[in-house]
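The values are calculated or read from the model by the stated rules, or taken from the named source; none is laboratory data. Just so we're clear, the structure is a prediction, and the values are computed from it rather than from any experiment. Note that each Cβ is placed from the backbone with ideal geometry, even for glycine, and that neighbours are counted across all protein chains shown.
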Amino acid sequence: MGAVTGYPFRSALVTGASSGIGEAFVRRLAADGVATVVVARREDRLQALAAELAGVEVLVADLATDDGVADVGARVVDVAHPIDLLVNNAGFGTSGNVAGLEPERLADEVRVNALALTRLTALAVRPMVARRRGWLLNVSSVAGFQAVPGFAVYSATKAYVTSFTEALHEELRGTGVQATVLCPGLTRTEFTDVSRNVIPEGQRRDPWYPAAAWLTPEAVATQGLRDVANGVVVSVPGIAYRAFVAGSALVPRGLRRRLAGQVRSSGR
């Protein structure tokens, strides 16, 4: 991991901070001396981060619930302890065809991936605009650029996050507040285990991906923080994924949809 060069933000709040990309964000920020509020459901993991890293404040919350979002929202708008950077990283996916999945889990997926992100962003942006200072980093996915059969709700929520953040960026032009959407590809986190554990073992279809396709949480977090600090609107880590995003716009939507479905069911 390379040396941190200094971020313009001195305080941050990171959701989904207990593992994976969220934890990597926290470690990068702590290395630069950025005081960070860490948000997740798993208190033990958050407390472990706080014990290891300086300047970490723990806030336990479930963003699938109204109370959880309200608790985090209250911290976001606390004018006595302002947040320079909000990282909306919390999210999860559900693998499988919609007809065979639990509707309430899919509803929770929308609540966390899209609704909570929207509410927290809307709350954070007001004091940031008033101060004429602030940064918003919303974590999406390359899946947001393409409908993905077998991950229908996940790809739809990420398409929302990307579109929402791009529009917000333009709304904030000239205000001193920067909005960036981070769109990683395959990343070595707990995401796959969480998305697969709702499907019976005999029904799982796991596509094979080459080692080169996988990003590390550290690389994704580093790219995202660098790009939001530099005013990049759409941040896509990895040369291969940037090429994929650029090239996908040239392929007819119907063909992209069929190809995505075939990749999902291609291996076991």
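Being more than 14 Å from the chain's Cα centre (by Cα) and among the charged types (D, E, K, R) is the filter here; which residues of region 74-125 pass it? Arg75, Asp78, Asp84, Glu102, Glu104, Arg105, Asp108, Arg119, listed by residue number.
When Val148 is tested against the conditions (1) β-branched (Val, Ile, Thr); (2) in a loop (DSSP other than H, G, I, E, B); (3) under 16 Å from the mean Cα position of the chain (by Cα), the lone failure is (3). Looking at the structure I just gave you, is Glu104 surrounded by fewer than 22 Cβ atoms within 10 Å (Cβ to Cβ), touching a strand residue (DSSP E or B) at 6+ places or on another chain (Cβ under 8 Å) and either over 22 Å from Leu168 (Cα atoms) or among the hydrophobic types (A, V, I, L, M, F, W, C) (or both)? Here the answer is no, as Glu104 does not meet what is asked.
For residues in region 131-143 being crowded, with 24+ Cβ neighbours inside 10 Å and either touching a Lys or Arg at 6+ places or on another chain (Cβ under 8 Å) or at pLDDT below 95 (or both), which is nearest to Leu13 (Cα to Cα)? In this case the residue turns out to be Ser140. Scanning region 212-268 for residues that are among the charged types (D, E, K, R), at pLDDT below 95 and assigned to a helix (DSSP H, G or I) yields Arg242, Arg253, Arg256, Arg257, Arg258, Arg264.
Looking only at region 23-64, filter to residues that are assigned to a helix (DSSP H, G or I), small (Gly, Ala, Ser) and under 20 Å from the mean Cα position of the chain (by Cα); which one of those is nearest to Phe92 (Cα to Cα)?
Ala24
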